[in-house]
1. Past 30 Å, Cα to Cα: identify those pairs from Lys64/Lys272; Lys66/Lys272; Lys52/Lys260, in the order given.
2. Can you compute the charge dipole magnitude of the range 236-281 about its Cα centre, using +1 on each Lys and Arg Cβ and -1 on each Asp and Glu Cβ, nothing else charged? Give it in debye, rounded to the nearest 20.
3. Which value in nm describes the separation of the simple spin-label points at Gln255 and Ala241, placed 7 Å from the Cα toward the beta carbon?
4. With viscosity set to 1.306 mPa s and temperature to 10 °C, compute the Stokes-Einstein D of the range 176-321, Rh being the Kirkwood radius across alpha carbon pairs; µm²/s, no decimals.
5. Compute the distance in nm between two label points, each set 7 Å from the Cα along the Cα-to-Cβ direction, one at Ile67 and one at Ile43.
6. Please list 3J(HN,Hα) in residue order for the range 264-269, calculated via the Karplus relation 6.51 cos²θ - 1.76 cosθ + 1.60 where θ = phi - 60°; whole Hz, with x for glycine and proline.
Amino acid sequence: MAVPNKRGSLILAALVLAFSAMAQSARADEIQLKDGKKLYGVIVAYEDNMFKVKTDFGFVLVEKDKIAKIIPSTPAGKSEPQSAAKKDAAPATAPSSETSPASTNAGAKSASPSTPGKASPKVTSVAVKPELPAGAPAGNVAAPAIKGSAAPPVNPIASSSAPPPPKQPEVPANREEIQGNLYTNYTHGFRMYKAPSWNLIEEARNALPNAIVAMGTSNESTLMVVGEEKTKEPLEKAAAAVESRLHDVYTGYQQLSQRKTVVSGLPAVEYKYRGTADDHAWSGRLVVVARGADIFTVLGMTYADTDLIQIQENVIARTIASLDFSVH
């Protein structure tokens with residue numbers, strides 16, 4: 001099984017950015033690439049002039065020379081609670097004219113835990129002050145302080161009998177197999193031709209949010225990704241939405257053709273395009289297929305600046321033509 005090389009990982013990172021529908025992580029660093037794209041994640045390692053970035057979809061390797069700027073994130077709400085705590089604690093340091101030192105000490109004693117091992121609610125003079133009538137003696141402070149700050153009583157019977165939260169449904173395993181040059185996915189019900197020089201790329205599949213399978217050459221100069229689009233839109237609208245995301249992946253994106261077609265007896269929309277990414281010109285073919293309410297995306301791409309472009313384009317075309325969505 002092939003592991004993505006360092007150059008190929010950048011185009012996969014771009015695909016993650018374009019095909020992701022999830023919000024950016026609140027604690028993710030912003031990594032600005034020199035080609036204008038942005039990557040959000042946490043840098044967890046640096047080795048061989050490469051940054052290893054943990055994103056919401058998996059780990060991505062990014063060359064140092066490709067990065068223009070890294071903007072570290074600040075955890076939201078970290079500094080503000082500290083300032084708020086200082087603001088709340090300020091009145092406690094100076095006794096007010098309405099509260100005597102004795103009443104302050106009485107309120108502090110009432111806040112101490114009465115039962116070992118149980119934490120009582122935190123009570124400060126800020127909470128006590130509104131409860132005090134003018135001129136009240138110090139001995140009447142404790143009760144109002146507990147009343148105003150204590151949490152509602154908890155019914156131990158109700159707490160012990162509460163059912164545990166339901167378990168999250170487990171994601172079904174991706175049942176697949178390779179026999180010779182035939183790849184079959186039983187979970188999603190399709191099979192297709194796999195070129196002898198192609199290997200499954202687990203890292204690419206894990207990185208792309210809706211990917212079912214990713215395969216390609218060992219240097220990732222040719223890639224094929226099959227995914228399932230999470231949408232309720234009809235075929236043509238769903239296809240247009242997927243194709244529009246490619247504009248964010250490639251510099252100088254150019255759509256060469258668009259047509260309605262049939263794949264495995266199912267209606268489909270096919271796009272052919274050219275674009276530049278990761279210092280290479282790419283030739284790509286995107287096919288969006290509708291099987292009932294399910295929308296599948298088939299994306300094949302190869303270097304357009306090598307002598308092997310025609311051979312690899314023919315392999316991609318053969319793979320798409322071999323798709324069979326009737327597997328049970």
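No lab work stands behind these numbers, since they all come straight from the coordinates. Not measured: the values here are computed from a predicted model. Cβ placement follows ideal geometry from the backbone for every residue including glycine, while neighbour counts extend to all protein chains displayed.
1. In this structure, Lys64/Lys272; Lys52/Lys260 exceed 30 Å between Cα atoms.
2. Details: 6 positive and 6 negative charges, 52 e Å.
I would put it at about 260 debye.
3. 1.6
4. On the way: Rh = 15.5 Å.
In µm²/s, the coefficient is 102.
5. So the two model labels end up 0.3 nm from each other.
6. Values per residue, Gly and Pro as x: 6, x, 10, x, 8, 10 Hz.
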